[in-house]
Structures are given as structure tokens and as C-alpha cells.
């Protein structure tokens with residue numbers, strides 16, 4: 001490839017034209033959202049009131065509440081099983097299309113794939129980009145790598161990405177998010193906001209008649225492995241919709257990246273997150289997570305991503321929902337996608353990381369609920385009320401209250417109640433939950449064998465599965481307790497605790513096969529820039 005063509009394929013953005021309107025909006029929203037007394041206190045109130053039910057409600061009512069949570073487990077499990085079945089059907093369909101072939105025409109839409117790197121190891125980034133380059137239409141996509149100004153070994157990473165992937169994509173764009181921008185906090189939200197605005201400015205400069213309705217942005221973490229047919233399946237889903245700006249597409253995430261080598265609390269949490277995504281988050285339109293796709297037009301209407309928040313996926317969905325005033329629907333992409341679980345070099349470090357990330361998720365879910373309430377007046381009341389109920393039922397009630405209720409119910413039964421017959425009835429919802437947890441493990445093993453066989457190799461003896469199943473309820477209770485702690489941490493510390501702490505990738509780094517790091521001279525890199 002000659003120098004002129006290469007410079008069109010590789011772009012390094014270091015400056016973004018100032019957007020004073022967005023800056024003023026961000027500063028105004030940040031001023032409105034400050035302080036400790038925020039709408040997320042509703043969550044804290046719900047948790048305290050419901051967790052104390054066994055101490056002031058009749059025991060029969062407490063039994064009914066426990067049965068309610070057991071029924072939620074069963075509903076989520078059934079919906080997850082149906083979703084996994086649809087994944088299997090879709091994979092068979094795309095395989096038949098590959099053999100015929102009758103694949104979708106990519107001329108109607110264009111993809112921008114965007115990933116982020118801060119302290120993650122270079123090998124992990126290279127492995128992920130190598131995976132993306134294996135997509136059938138890789139030569140037609142725009143690949144965006146968003147770095148922070150304080151990214152360790154930034155220049156080395158830029159040169160390595162440039163050297164190895166300069167010929168792999170339609171365009172390779174690298175952005176460097178400046179540190180200390182007024183009205184922002186460091187993290188994925190501000191990096192995402194900067195990166196996608198930079199790409200839009202670049203595209204407008206290249207094409208003054210740019211139509212953002214034809215571009216679709218797939219946002220993903222650097223610890224993501226796509227199936228080789230992911231973009232084809234996603235394209236099929238997008239082309240089926242008429243008004244494509246009314247949807248956000250969510251691939252089904254599996255956390256089986258070395259999951260057989262990790263501890264019981266990491267594995268069970270990963271399996272639960274997979275099942276609850278399939279059975280709760282997507283079917284009840286609650287929120288997107290980690291990997292998602294939306295039109296560039298929706299990004300523009302929703303004012304991109306709020307740079308003063310830390311839970312980038314949830315805040316994006318809520319921001320787009322309220323600012324665009326569209327009835328956004330979360331649509332599943334029936335294609336298995338691997339996402340890295342929390343990890344650590346030792347079991348203790350893995351546990352510390354597990355607690356830290358669980359707490360961060362709860363803090364993030366609390367702060368974005370506050371954001372939703374202050375913006376909810378912009379959308380239809382019924383839609384806003386329904387979403388708020390589903391959100392509270394999932395994050396406050398199902399995830400947190402259920403764990404606390406198990407503890408308070410146990411105290412009531414064994415410390416305050418003497419009726420042995422009534423005590424026995426409480427075994428029913430407990431058994432129902434354990435049955436659902438069994439199917440959660442069983443469905444994931446089926447997925448590994450039939451859906452993830454091209455991506456994952458996992459060997460877990462049956463005794464270990466049994467051991468993990470027995471401890472699974474304890475893990476979920478521990479997860480709920482860390483979430484409970486996070487909700488109160490934001491209450492006592494205010495928005496100042498809402499910072500983005502990136503997940504540790506030590507184990508993932510060990511799994512990645514190291515590659516030779518070839519680089520280009522800095523002068524040549526500057527010439528391409």
C-alpha cells in the first residue's frame with residue numbers, strides 16, 4: 001500500500017474541536033446532580049423496608065415474599081433458556097447461509113467498532129483486535145481504539161497497534177483522550193464521549209454530506225472476544241428493522257474466558273450475570289451491558305455519553321432514552337460473545353477484585369437512577385414509571401433485598417419462631433432457587449459445548465460443578481451484601497465516590513499468547529498522523 005492510501009486508512013486523533021454547547025450542558029447537569037441527598041435514596045429506603053419485613057409482617061406474608069423471589073428466579077431461568085435456544089437456532093441459520101451463501105449486503109449500513117484501553121496489557125488489546133480482524137467484513141469497518149492521555153506505555157501501544165493492524169480494517173482510528181478536561185471525570189464515559197465525537201468530526205471532514213443514519217457503533221470492552229460471524233448476525237438483525245434509531249442491540253455475553261480456572265465466587269457471578277442478561281435485563285428492557293450497538297444518529301440525538309458518570313453502558317441508555325425522547329427497545333443479538341470476568345493473580349486478590357467491582361456496579365446503578373429521575377419528565381410518564389419499576393425490582397429488590405431477606409428470615413425462623421410446621425414451608429422457595437441455580441450451571445455447560453466450542457475450551461470435573469452449585473446461593477448472598485454496601489457508600493460519600501476503577505486483567509493477560517511487538521519509528525507515525 002502506498003503512503004497516500006495508508007494515511008487514509010490510519011488516523012490518529014489528538015484534538016477535538018471545542019463543543020461549547022455540550023460543555024455548558026454537562027456543567028449544568030453536574031451541578032444539578034451533586035450532593036448526598038439524591039434520588040438514589042429511594043433505593044436505600046426500599047432495601048431497608050423490605051429487608052425488615054420478617055420482623056413486622058406475619059410469617060405467612062414473609063413466606064409469600066420469599067416465594068415471589070423464587071418465582072422471579074424461575075421466570076428469569078425460563079426466559080434465559082428460551083434465549084439460549086434462539087442463539088442455537090440463529091447459529092445454525094447463519095451457518096447454512098455461509099454454505100449457500102446468502103449473507104446480508106453490507107452496502108446499506110456501515111459499522112464503527114470502538115474499544116478502550118487504559119491500564120490493560122498490550123497483549124490483551126492485540127488479541128482483541130486480531131479477533132475483530134477475522135470478521136468477514138473487517139475490511140469495511142472503521143476500527144476505533146480509544147486511549148487515555150495517561151495510558152501507561154501509550155506510544156508503544158499506539159505503534160504496536162499501528163504496525164500490526166494498519167491493513168486489517170477499512171480505517172483504523174486511534175484517539176487520545178486528554179486528561180483534566182473541565183466538567184469530566186476520568187473513565188470510560190469521558191473516553192467514549194471524546195472518542196465518538198472525534199470520529200464524527202473526522203467523518204464529517206471527509207464527507208460533508210455524511211448521513212449518520214447509515215453508521216452503527218458497536219461499543220465493547222477490550223476483554224471481548226467475538227464469534228467469527230458476529231457482524232453478519234448483527235447486520236441481519238439491524239436490516240430487519242425499519243426505524244433503526246429506536247433500538248439498541250445487545251449481544252448475549254458469556255463470561256467463560258478462563259472461567260474454569262477461577263474461584264467459585266467469580267464463576268457463579270459470571271454465570272449469574274449471563275443468565276440474568278438473557279432472562280431479565282434484555283426481556284424487561286432494563287439496561288444494556290458492556291457490549292452494545294446503536295446508530296450514530298442515536299448517539300447524536302442522545303448527546304453521546306455523559307462524561308461525569310462512570311457506568312458508561314447504563315448511563316448511555318438512559319441518556320439516549322431521555323434526550324432523544326424515543327421509546328428505545330433493547331434487542332438481543334443471538335450470537336455468543338465472550339467477555340472477561342473479574343480476576344486476580346491469587347484467590348485473595350481475585351476476591352478483593354470481585355468485591356471492588358460488585359461495589360462499583362452498585363454505586364453506578366445508584367447514580368444513574370438519580371440521573372434518570374431528574375430527566376424522566378422528558379419522556380412519557382407510563383414508560384418512565386414502568387422502566388423505573390423494572391429497574392428498582394431488579395437492582396434494589398432482586399439483587400440486594402433477596403440476599404438480606406434470606407438473612408432476616410432465617411433470624412425470624414430460628415430466633416423468634418417456634419412453629420416447626422410453618423418453618424418447613426420455607427424450604428419450598430429455597431429448593432426452587434437451588435433448582436434454578438442448577439439449571440444456570442447446566443445451561444452454561446450446554447452453551448460451552450455447542451455455542452462456544454469455536455471460542456472456549458473448558459474442562460470442569462463434575463465434583464467441582466456440584467461443589468460450586470452447593471455454594472452458589474452463598475455466593476449470590478455475598479454478591480447482594482456487597483451491592484448493599486455500595487448503595488450506602490454513595491449515600492455517605494456522595495457523588496465523589498463515583499469514580500471508574502478499571503477491572504484487573506491479570507489472569508486474562510496470562511491466558512493471552514504473547515506476540516512479537518514490532519513497532520515503527522515515531523517519525524513515521526507522526527507522518528501518518
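Observations on the model:
- Residue in segment 215-226 that is farther than 30 Å from residue 456 by Cβ and at pLDDT 95 or above present: yes
- The set of residues in segment 65-97 being at pLDDT below 95 and over 30 Å from residue 232 (Cβ atoms) is empty.
- Checked against (1) touching a helix residue (DSSP H, G or I) at 6+ places or on another chain (Cβ under 8 Å); (2) buried (at least 19 other Cβ atoms within 10 Å of the Cβ); (3) modelled with pLDDT under 95, residue 181 meets all criteria but (2).
- Among the candidates 331, 359, 375, 325, residue that is assigned to a strand (DSSP E or B) and more than 13 Å from the chain's Cα centre (by Cα): 331
- Breaking point among (1) surrounded by fewer than 15 Cβ atoms within 10 Å (Cβ to Cβ); (2) part of a helix (DSSP H, G or I), for residue 77: (1)
- Qualifying helices (runs of 4 or more DSSP H) (wholly inside segment 216-302; at least 3 residues being within 28 Å of residue 194 (Cα to Cα)): 230-239, 296-301
- Residue under evaluation residue 307, criteria (1) surrounded by fewer than 23 Cβ atoms within 10 Å (Cβ to Cβ); (2) part of a loop (DSSP other than H, G, I, E, B), criterion not met: (1)
- Every residue from segment 311-335 that is in contact with a helix residue (DSSP H, G or I) (Cβ under 6 Å, 6 or more places away or on another chain) and buried (at least 22 other Cβ atoms within 10 Å of the Cβ): 311, 312, 314, 315, 318, 320, 328, 333, 334, 335
- Residues within segment 146-178 that are within 23 Å of residue 335 (Cα to Cα) and either assigned to a helix (DSSP H, G or I) or within 22 Å of the chain's Cα centre (by Cα) (or both), tallied: 0
The values are calculated or read from the model by the stated rules, or taken from the named source; none is laboratory data. Note that this is a predicted model, so its numbers are computed, not measured. Cβ sites come from the backbone with ideal geometry, for glycine too, and all protein chains shown count toward neighbours.
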